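Participant: What follows is a single structure, and I will ask about it in a moment.
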């Protein structure tokens, strides 16, 4: 169980398209669209960010979603591409181009979260943590879908598999 993804993907674009095409069926396409449109979310808090913490996140996420196939879009952080990561078979990473945060829906969600926290005074880390948890819990799935559900990202995923 689990795949290791190299720091540099050595597959050609055609090989990646072929692998994605076989991983993404029409029902999976509907699932991806539903995920973006439904606003499903999964949040976790860690003390820091390295490949050990990211592995914990993958494990928790994998348990939370069951064995449904999911694609995770992410940046090229070294912790995302560590050779030590054991990717669950039902989670496929999609790495966005370097230096392109505008393509990552999570950046828009963080922008929304920061706007909710901008005028808050939190004299301690525990108070900030509590306020952040309150903001995360208050964001509806409809709001997440609206913030993160970009048609051009969904279209790009589907065209890559055509």
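Participant: Starting from the stretch 112-138, take each residue that is at positive phi and at pLDDT 90 or above and list its partners that are surrounded by fewer than 12 Cβ atoms within 10 Å (Cβ to Cβ) and not in a loop (DSSP other than H, G, I, E, B), counting only C-beta distances under 6 angstrom and pairs at least six apart or across chains.
Facilitator: From the stretch 112-138, no pairs qualify.
Participant: Restricting to the stretch 80-104, name every residue that is outside any helix (DSSP H, G or I), more than 17 Å from residue 42 (Cβ to Cβ) and either modelled with pLDDT under 85 or within 14 Å of the chain's Cα centre (by Cα) (or both).
Facilitator: The answer is 81, 95, 96, 97, 98, 99, 100.
Participant: Confirm whether residue 100 is surrounded by fewer than 14 Cβ atoms within 10 Å (Cβ to Cβ) and more than 22 Å from residue 145 (Cα to Cα). Give the steps one after another, and end with the answer.
Facilitator: Details: surrounded by fewer than 14 Cβ atoms within 10 Å (Cβ to Cβ): yes; more than 22 Å from residue 145 (Cα to Cα): no.
So residue 100 does not fit the description; no.
Participant: Kindly provide the set of residues from the stretch 85-97 that are in contact (Cβ under 8 Å) with a residue 40 or more places away in the chain and surrounded by fewer than 16 Cβ atoms within 10 Å (Cβ to Cβ), ordered by number.
Facilitator: 86, 89, 94, 95
Participant: Quick one: is residue 107 closer than 15 Å to residue 39 by Cβ and either surrounded by fewer than 16 Cβ atoms within 10 Å (Cβ to Cβ) or over 15 Å from the mean Cα position of the chain (by Cα) (or both)? Steps first, answer last, please.
Facilitator: On the way: closer than 15 Å to residue 39 by Cβ: no; either surrounded by fewer than 16 Cβ atoms within 10 Å (Cβ to Cβ) or over 15 Å from the mean Cα position of the chain (by Cα) (or both): yes.
Against the criterion (closer than 15 Å to residue 39 by Cβ and either surrounded by fewer than 16 Cβ atoms within 10 Å (Cβ to Cβ) or over 15 Å from the mean Cα position of the chain (by Cα) (or both)), residue 107 does not qualify.
Participant: Now, a different point. Quick one: residue 62 ticks every box in (1) touching a helix residue (DSSP H, G or I) at 6+ places or on another chain (Cβ under 7 Å); (2) modelled with pLDDT of 85 or more; (3) surrounded by 12 or more Cβ atoms within 10 Å (Cβ to Cβ) bar one, so which box is it?
Facilitator: (1)
Participant: Scan the stretch 55-79 residue by residue and report those that are farther than 17 Å from residue 40 by Cβ and not in a helix (DSSP H, G or I).
Facilitator: Within the stretch 55-79, 75, 76, 77 meet the criteria.
Participant: Out of 55, 73, which single residue is within 11 Å of the chain's Cα centre (by Cα) and over 19 Å from residue 136 (Cβ atoms)?
Facilitator: 73
The values are calculated or read from the model by the stated rules, or taken from the named source; none is laboratory data. Quick caveat, the model's predicted, so the values are computed rather than measured. With ideal geometry, Cβ positions are generated from the backbone for all residues, glycine too; neighbour counts draw on all protein chains shown.
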